[in-house]
Amino acid sequence: MIQIVYISSAVAPWSTEQLLELLQQCLKNNSARGVTGMLLYGEDTFLQALEGDDAVIDDLVEKIARDPRHAKVQFLHRRPIERRQYADWSMGFKRISERELTGIKGLKDFGAKDFNFDYLVRNGGIVDALMDH
């Protein structure tokens, strides 16, 4: 079993309706494939962790990398795991806002405006704090 974390920039801003449609699709597909994970979205940026069988996750990663809705995709890590971090979620989801960030340990000087591709790629500790929360 593996966990992959990636960050990507959306080609265009996503509406609430588009995000809900994506989430419903993820819930359906991930459940059937035994995939769990977390998806965060803000400032036209996606940060996602995916967990499951190696072959299933690798196949999903290939699809994500080819998805035309992303301007760029950067994989931050691919690591073997013994147990799932997001075992209760076929896809947990949060839309990043100042309110959502308040009180998260390790994010004292991090604001919603910082939730963007360039900042997150350079700040692995922030990514870890977001994904752990």
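Some observations on this one:
- Members of the stretch 13-45 that are free of Cβ contacts under 8 Å to residues at least 40 places away in the same chain and closer than 16 Å to residue 72 by Cβ: 13, 14
- Figure legend. Inter-residue proximity from the stretch 92-120: first residues touching a residue at least 60 places away in the same chain (Cβ under 8 Å) and more than 25 Å from residue 36 (Cβ to Cβ), second residues of a type in the set (Ser, Thr, Tyr) and open to solvent by less than 80 Å² (accessible area, probe 1.4 Å), beta-carbon distance below 7 Å, spacing 6+ or different chains. Indicated pairs: 112/97; 116/45.
- Residue 54 falls short on exactly one of the conditions (1) open to solvent by less than 50 Å² (accessible area, probe 1.4 Å); (2) modelled with pLDDT of 95 or more; (3) touching a strand residue (DSSP E or B) at 6+ places or on another chain (Cβ under 7 Å), and that condition is (1).
- Filter result (closer than 20 Å to residue 19 by Cα and open to solvent by 60 Å² or more (accessible area, probe 1.4 Å)) within the stretch 94-125: 94, 95, 98, 99, 113
- Any hit, the stretch 36-47, residues being among the small types (Gly, Ala, Ser) and crowded, with 16+ Cβ neighbours inside 10 Å: yes
The values are calculated or read from the model by the stated rules, or taken from the named source; none is laboratory data. Bear in mind that the values here come from a model prediction, so they are computed numbers and not experimental data. With ideal geometry, Cβ positions are generated from the backbone for all residues, glycine too; neighbour counts draw on all protein chains shown. Quick note on the areas: whole protein, heavy atoms, side chains included, nothing else; ligands and nucleic acids left out. Shrake-Rupley method; radii C 1.70, N 1.55, O 1.52, S 1.80 Å.
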